[in-house]
Amino acid sequence: MVKALRRKSPVTAHTARELFDVLPEMPGFRAEVIKGNLIVSPLGPPPHGDAANNLHDELLPLRRQHGWRGYPGNVGVCIEGTRDPVEPDYVLAPRDCPLWGEREFISSGLILVAEVVSPGSKDYDRNEKPGMYADGGVPIYLLIDPLDAPPSVTVYSDLIDGAYKTVTKVEMGMPLRLPKPVDFELDTSVFKT
């Protein structure tokens, strides 16, 4: 059993999800549940946010064409099945994407999620989140990795039986084809700082 204090009254939580649900606002921090563990980390530096915003800008023609919505780092996602909450650096969703509660999109209704690797998130973004997003039914996972040597961008796709069957990695600056349902040539030079 995990106990958390919220103002004057103690709250008892039995799971990481329950603890997440009673957390107070924590300006400057992001909370997620990864593999049953509550992870609280500081928000990334400005170049981290720039990468998500640049992806948002690059996808503008596609968003307009399909009526999709883009969210750079400001919405939650509930992983279908485990109900683990995460907050990707970027989410691409249809207008009618189903919600879990009032704030979280259900992962299987999304089109794409993207993470921008930072020193505090590199192990999760590179190793845990591909499987987590695949288990949750997200068709495309985009990993923007300025810490890789050389910096890279990787797209995980072809979701079959809860696993991504295709992984395509390019050096940052090279074009990268985002497969269907996105079907878009991404100019990864927009992520160079």
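The values are calculated or read from the model by the stated rules, or taken from the named source; none is laboratory data. What you see is a predicted model, and the numbers here were worked out from it, not measured in a lab. Virtual Cβ from ideal backbone geometry, glycine too; neighbours counted across all protein chains shown.
So which residues in region 153-165 are under 17 Å from ARG126 (Cβ atoms), without any contact (Cβ under 8 Å) to a residue 24 or more places away in the chain and touching a Ser or Thr at 6+ places or on another chain (Cβ under 6 Å)?
Looking only at region 153-165, we keep the residues that are under 17 Å from ARG126 (Cβ atoms), and these are 153-157, 163-164.
After this cut, where a residue has to be without any contact (Cβ under 8 Å) to a residue 24 or more places away in the chain as well, the list is 154, 157.
Residue satisfying the conditions is SER157 alone.
One residue stands out among those in region 20-60 that are at pLDDT below 75 and within 17 Å of GLY76 (Cβ to Cβ): the one that is surrounded by the fewest Cβ atoms within 10 Å (Cβ to Cβ), which is LEU43.
Residues are listed down the side, and each one gets a yes or a no for (1) crowded, with 16+ Cβ neighbours inside 10 Å; (2) under 21 Å from LEU143 (Cβ atoms):
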residue	(1), (2)
ARG17	yes, no
GLN65	no, no
PRO72	yes, yes
VAL75	yes, yes
CYS78	yes, yes
LEU92	yes, yes
VAL113	yes, yes
ASP123	no, yes
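List the number of the failed condition for GLU115; all other conditions in (1) of a type in the set (Asp, Glu); (2) within 11 Å of the chain's Cα centre (by Cα); (3) at pLDDT below 95 hold. Failed condition: (3).
For region 1-19, what are the residues that are β-branched (Val, Ile, Thr) and modelled with pLDDT of 75 or more? The one that is β-branched (Val, Ile, Thr) and modelled with pLDDT of 75 or more: THR15. Of all residues in region 80-90, those that are within 12 Å of LYS35 (Cα to Cα), of a type in the set (D, E, K, R) and surrounded by fewer than 24 Cβ atoms within 10 Å (Cβ to Cβ) total 1. All conditions but one from (1) more than 15 Å from PRO181 (Cα to Cα); (2) aliphatic (A, V, I, L, M); (3) out of contact with any Phe, Trp or Tyr (no Cβ under 7 Å at 6 or more places or on another chain) apply to VAL77; the one that does not is (3). Among residues of region 13-25 that are assigned to a loop (DSSP other than H, G, I, E, B), those with a Cβ under 6 angstrom from a residue that is buried (at least 17 other Cβ atoms within 10 Å of the Cβ), sequence gap 6+ or separate chain, pair up as LEU23/ALA31. Have a look at ILE144, ILE111, ILE140 and point out the one that is within 28 Å of ARG83 (Cβ to Cβ), in contact with a Phe, Trp or Tyr (Cβ under 6 Å, 6 or more places away or on another chain) and touching a residue at least 40 places away in the same chain (Cβ under 8 Å). Residue meeting the stated conditions: ILE144.
Are any of the residues in region 50-57 more than 24 Å from LYS122 (Cβ to Cβ) and in contact (Cβ under 8 Å) with a residue 40 or more places away in the chain? Checked region 50-57: at least one residue is more than 24 Å from LYS122 (Cβ to Cβ) and in contact (Cβ under 8 Å) with a residue 40 or more places away in the chain.
You will find that of PRO150, PRO181, the residue that is touching a residue at least 60 places away in the same chain (Cβ under 8 Å) and not in a strand (DSSP E or B) is PRO181 and no other.
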